[in-house]
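Take a look at the structure set out below.
Quick note: the coordinates plus some simple rules give every number you see, no bench work behind them. Values in this document were obtained by computation on a predicted structure and should not be read as measured data. Cβ: placed from backbone, ideal geometry, glycine included. Neighbour counts: every protein chain shown.
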Amino acid sequence: MIIRFPALLIAAAAATLLLASAAFADDNDNLRTADDAKAMLTKAVAAVKADKAKALDMFNKGEGGFHDGNLYVSCFNVSDGKLIATGSPHLKKRLGEDARTFRDEYGTPLKFDAVAQKPDGDITAMDVQIPKPGATDKAEPKEIYATKIDDLICGVGYYYYRGLN
């Protein structure tokens with residue numbers, strides 16, 4: 001009987017860990033990596049160069065592999081800053097707004113002006129603090145990769161904090 005108790009305890013602990021990891025898997029499964037974000041941005045650049053109107057439509061609809069977990073493409077005009085495409089359902093309500101005025105949860109402006117000054121294709125990384133949709137209301141660290149493509153600036157970001165909320 002003494003031998004079975006530790007075995008039952010170990011089995012119960014293993015089951016608890018398995019269930020706990022399943023509960024957090026939904027949140028973490030939506031997270032992607034820096035490489036995933038850069039790859040999506042590279043794909044977005046190619047799509048814009050091939051057919052700008054079609055690419056922007058795909059970004060807005062999240063089609064063609066331009067929405068994956070918490071990864072999506074957002075683009076705005078260099079000239080007036082208007083957000084014209086986003087795969088984020090949370091940013092859809094901001095379409096038409098001047099993205100150059102966007103700030104993170106701590107009021108830190110995004111570096112879109114710096115991106116506009118660089119040559120096409122140069123990637124700028126921006127660290128921001130933004131709530132992770134569906135996971136928490138508190139700000140989470142997110143890195144956004146952005147680049148200029150002709151008259152647009154497009155970016156893809158990923159959440160890199162994988163701790164428990």
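Assorted remarks:
- Peptide ranges 137-146, 113-122 listed from the most packed, as the mean C-beta count within 10 angstrom indicates: 137-146, 113-122
- Three-way shape call for region 49-123 based on the alpha-carbon gyration tensor, with the a/c threshold at 1.5: oblate
- Extension reserve of the Asp137-Asp113 stretch, reckoned as 0.36 nm per residue once the Cα distance is removed: 5.9 nm
- The order of Ser79, Ser74, Ser88, going from fewest to most other C-beta atoms within 10 Å of their C-beta, is Ser79, Ser88, Ser74.
- Local electrostatic count at Leu152 - Lys and Arg +1, Asp and Glu -1, tallied over other residues with Cβ under 11 Å: +1
- Here Phe112, Phe76 are placed in order of increasing Cβ neighbour count within 10 Å, fewest first, which gives Phe112, Phe76.
- Ranked packing of 80-86, 63-69, most packed first, by mean Cβ within 10 Å: 80-86, 63-69
- Likely footprinting exposure, Val45, Val156, fewest C-beta neighbours within 10 Å first: Val45, Val156
- Placing a pseudo-label 7 Å from each Cα along the Cα-to-Cβ vector at Glu105 and Ala34 gives an inter-label distance of 2.2 nm.
- Net charge contributed by nearby residues that have their C-beta within less than 14 Å of Ala47 (K/R +1, D/E -1): +1
- Set of aspartates and glutamates near Lys142 by C-alpha distance (under 16 Å), chain-local residues within fewer than 8 positions excluded: Asp27, Asp29, Asp35, Asp36, Asp68, Asp104, Glu105, Asp127
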